[in-house]
1. Out of everything in the stretch 171-211 that is touching a residue at least 40 places away in the same chain (Cβ under 8 Å) and among the charged types (D, E, K, R), what residue ends up being farthest from Ala228 (Cα to Cα)?
2. Being open to solvent by less than 40 Å² (accessible area, probe 1.4 Å), of a type in the set (D, E, K, R), at pLDDT 95 or above and out of contact with any helix residue (DSSP H, G or I) (no Cβ under 7 Å at 6 or more places or on another chain) is the requirement here; does Glu232 meet it?
3. All but one of (1) part of a strand (DSSP E or B); (2) open to solvent by less than 20 Å² (accessible area, probe 1.4 Å) hold for Pro216, so report the exception by its number.
4. Tell me which of these Ser64 doesn't satisfy, since it passes every other one: (1) open to solvent by less than 50 Å² (accessible area, probe 1.4 Å); (2) touching a residue at least 60 places away in the same chain (Cβ under 8 Å); (3) at positive phi.
5. Does the stretch 241-262 include one or more residues that are in a loop (DSSP other than H, G, I, E, B), over 19 Å from the mean Cα position of the chain (by Cα) and buried (at least 17 other Cβ atoms within 10 Å of the Cβ)?
6. Keeping to the stretch 28-78, report how many residues are within 26 Å of Gly103 (Cα to Cα) and either in a loop (DSSP other than H, G, I, E, B) or not basic (Lys, Arg) (or both).
7. Would you be able to say whether some residue in the stretch 150-167 is assigned to a helix (DSSP H, G or I) and hydrophobic (A, V, I, L, M, F, W, C)?
8. Can you tell me which residues in the stretch 95-117 are of a type outside the set (Asp, Glu), part of a helix (DSSP H, G or I) and surrounded by fewer than 24 Cβ atoms within 10 Å (Cβ to Cβ)?
Amino acid sequence: MTPRFNIFILVVLLLVGLPVYWFQFDASARDAQPKRLDIAALREMANAIPGAHPVQIRHEIIGSRISLYNQLAAGAGLRPIHTGVRAYELRVPGQRPILIDAGTSAALAEENNVTDFDAAAQQRVDHVARDAGLRLQLLDRPVHRGNPAVSSPHAARLPDLGDGRPRAVAPGVVVIPQDNLPNHPRMVFVQLANGAEFLFTGDVAQVPLSWEALRPPARTFADLGHPALRTEIVSWLMTINALKRAAPKMVVVAGHDPAAPRIIPWGFVRS
């Protein structure tokens, strides 16, 4: 090959390779900093409301969605990944359960590309949603809100978190708003009666790789033209990572992990 041809190939690789790397694989966010939120503060808030803490967390799998891995974590590749749509039940002795997310309806599942929709599982979630003592929502989107056809006027309303600050909403349960991100996302910290701790990340970290390796969605799929959004996402990923390092035994539950943590049993229990 002639030197001129070699230079031509190098220029082509740079012109193609650099944009591909920047938009698909780069996970950087130069100005990102972890939030001022530490595990001691979360534990203090979890014990601020007197009463019995939840004793168990259970989950239902409503369906799944297919995404490209890079849509969830930059640099993870363009291979498809099945992500889970779940609801979680916190069981408190002698009290109505606490619900984290509430699934969706069959029609909304189809509209939002949820495959393998499990109507029986959704019915079990609906039963708990009608009777829940407290309902929490990780994201204001259709696959989190529940089935509007079975909404009960007797079910507890979503707590008001208008001030944007983390706060306890029940004994052992702390909600962490993320008001600088779209669709009112939230994280939930749970401390069980036996001291076990869980952090539900919501959609800011849909898969474990997001918070473990500080990988936001690839620019092509998420923050194209909105660098401030990327900075905010990575700041929250850094916060989750720091909380986990400070509390190694805490279980971090990613928003749409293909597999639920083994420590969280499957199946809501009818009271």
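The values are calculated or read from the model by the stated rules, or taken from the named source; none is laboratory data. Being a predicted model, the structure only gives us computed values, none of them experimental. Cβ atoms come from the backbone with ideal geometry, glycine included; neighbour counts cover every protein chain shown. Protein only, heavy atoms only, side chains kept; ligands, DNA and RNA dropped before computing areas. Shrake-Rupley method; radii C 1.70, N 1.55, O 1.52, S 1.80 Å.
1. Glu197
2. Considered against the rule, which asks whether it is open to solvent by less than 40 Å² (accessible area, probe 1.4 Å), of a type in the set (D, E, K, R), at pLDDT 95 or above and out of contact with any helix residue (DSSP H, G or I) (no Cβ under 7 Å at 6 or more places or on another chain), Glu232 comes out as no.
3. (1)
4. (3)
5. So far as the stretch 241-262 goes, no, none of its residues is in a loop (DSSP other than H, G, I, E, B), over 19 Å from the mean Cα position of the chain (by Cα) and buried (at least 17 other Cβ atoms within 10 Å of the Cβ).
6. From the stretch 28-78, those within 26 Å of Gly103 (Cα to Cα) are 46, 53-73; that's our starting set.
Going one step further and asking which of them are either in a loop (DSSP other than H, G, I, E, B) or not basic (Lys, Arg) (or both), we end up with 46, 53-57, 59-64, 66-73.
Summing the residues that are within 26 Å of Gly103 (Cα to Cα) and either in a loop (DSSP other than H, G, I, E, B) or not basic (Lys, Arg) (or both) in the stretch 28-78 gives 20.
7. Yes, the stretch 150-167 has at least one match.
8. As a first pass, look at the stretch 95-117 and keep what is of a type outside the set (Asp, Glu): 95-100, 102-109, 112-115, 117.
Applying the additional criterion that residues be part of a helix (DSSP H, G or I) yields 106-109.
Of everything in the stretch 95-117, those that are of a type outside the set (Asp, Glu), part of a helix (DSSP H, G or I) and surrounded by fewer than 24 Cβ atoms within 10 Å (Cβ to Cβ) turn out to be Ala106, Ala107, Leu108.
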